[in-house]
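The structure under discussion appears below in the form of structure tokens.
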Amino acid sequence: MQVKDTLNIYGEAINSRLLIGTALYPSPDIMTQSIKASGAGVVTVSLRRQQSAEAGDDFWQLIKNTGLKILPNTAGCHSVKEAVTLAQMCREVFATDWIKLELIGDDYNLQPDPFALLEATEILINDGFKVLPYCTDDLVLCQRLNDLGCEVLMPWGAPIGTGKGLLNSYNLKTIRERLPNTTLIVDAGLGLPSHACQALELGYDAVLLNSAIAGAGCPITMSRAFKAAVEAGRFAYNAKAMPEKDLAAPSTPTIGMPFWHQQ
């Protein structure tokens with residue numbers, strides 16, 4: 001009997017390996033339809049969303065109506081104090097101890113600050129948070145975050161919003177191999193469903209994306225494409241790929257061929 005293959009985030013089973021964002025959509029209606037079409041089990045939101053109070057209430061109601069697990073984030077924070085304060089506010093507003101911790105160190109490529117990230121992570125874990133840190137694909141940083149108690153890590157594929165895909169699959173593969181018992185989610189930089197499929201083929205447990213869907217010509221259709229890609233990537237990982245070879249090998253057996261064609 002095959003064991004059900006589900007994503008696990010801090011002991012909670014999630015029915016999809018696609019996590020989706022809520023920003024940049026052409027309209028609230030397209031956002032809600034895209035989220036539904038994606039089949040995502042988790043939706044990420046930010047308290048820093050710039051809206052009027054009335055529009056903000058409507059937005060939060062739309063998110064609530066999805067029925068999905070909400071993952072608040074600290075997007076836009078540049079200091080430990082700022083990130084910790086926002087995380088604590090998110091816990092009160094969303095009634096969850098989950099937090100996607102983002103701490104930007106460089107405004108040019110929005111790269112996370114590894115030093116501040118470690119400091120904020122330790123503070124939040126000691127305060128009872130279940131931290132999902134957004135980080136670079138640096139093995140040592142991921143190991144340090146894991147040592148602090150992070151059961152989930154979210155290394156980037158490429159800088160946020162670039163759509164470049166997995167710029168360093170070697171680094172990502174190494175992190176997967178060195179942290180076999182940690183839930184790993186590629187977060188940021190994906191642009192195509194094939195990028196998501198590649199991440200799952202490497203053994204990553206899930207992907208989180210926003211711009212690749214929200215910025216597509218048809219976000220709803222692109223949501224369906226990413227849903228299929230994530231499923232295909234996980235199936236491929238579980239199936240185990242054939243070994244790579246340097247030389248060609250015939251796929252057609254030689255049995256039954258004329259002897260003068262056999263070698």
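The values are calculated or read from the model by the stated rules, or taken from the named source; none is laboratory data. What you are looking at is a predicted structure, and each value in this text was computed from that prediction instead of being measured. All Cβ positions, glycine included, derive from the backbone under ideal geometry; neighbour counts span all protein chains shown. Protein only, heavy atoms only, side chains kept; ligands, DNA and RNA dropped before computing areas. Shrake-Rupley method; radii C 1.70, N 1.55, O 1.52, S 1.80 Å.
Table for the structure above
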{"quantity": "Entries in LYS69/LYS130; LYS36/LYS130; LYS164/LYS245; LYS164/LYS240 that, when Cα-Cα distance is taken, lie over 20 Å", "calculated": "LYS36/LYS130; LYS164/LYS245; LYS164/LYS240"}
{"quantity": "Most mobile listed residue (VAL140, VAL230, VAL207) in the chain, GNM with C-alpha springs under 10 Å", "calculated": "VAL140"}
{"quantity": "Rounded to the nearest 10 Å², the accessible area of HIS78 at probe 1.4 Å", "calculated": "90"}
{"quantity": "Where trypsin sites (Lys or Arg not before Pro) in DSSP loops with at most 10 other Cβ within 10 Å are excluded, longest remaining stretch of the chain", "calculated": "5-239"}
{"quantity": "Per residue value of the accessible surface for the chain (all protein chains in place, 1.4 Å probe), Å²", "calculated": "53"}
{"quantity": "Apportionment of accessible area to carbon and sulfur, the range 147-198, percent (1.4 Å)", "calculated": "46"}
{"quantity": "Scattering profile of the range 139-262 at q = 0.18 Å⁻¹ [log10 I(q)/I(0), Debye over alpha-carbon scatterers]", "calculated": "-0.94"}
{"quantity": "Considering only the chain, percent of DSSP beta bridges that pair antiparallel, nearest 5", "calculated": "15"}
{"quantity": "Summed side-chain charge close to ILE220 - residues other than ILE220 whose Cβ falls under 15 Å, Lys, Arg +1, Asp, Glu -1", "calculated": "+2"}
{"quantity": "Percent of alpha-carbon pairs separated by more than 20 Å within the range 78-178", "calculated": "37"}
{"quantity": "Most positive-pole-ward Cα, VAL131, VAL45, LEU18, against dipole of the chain from beta carbon charges", "calculated": "LEU18"}
{"quantity": "Rh by Kirkwood over Cα pairs, then Stokes-Einstein D for the chain at 1.567 mPa s and 4 °C, µm²/s", "calculated": "67"}
{"quantity": "Residue-count net charge about GLY128 - beta-carbon cut-off 10 Å; Lys, Arg +1, Asp, Glu -1", "calculated": "0"}
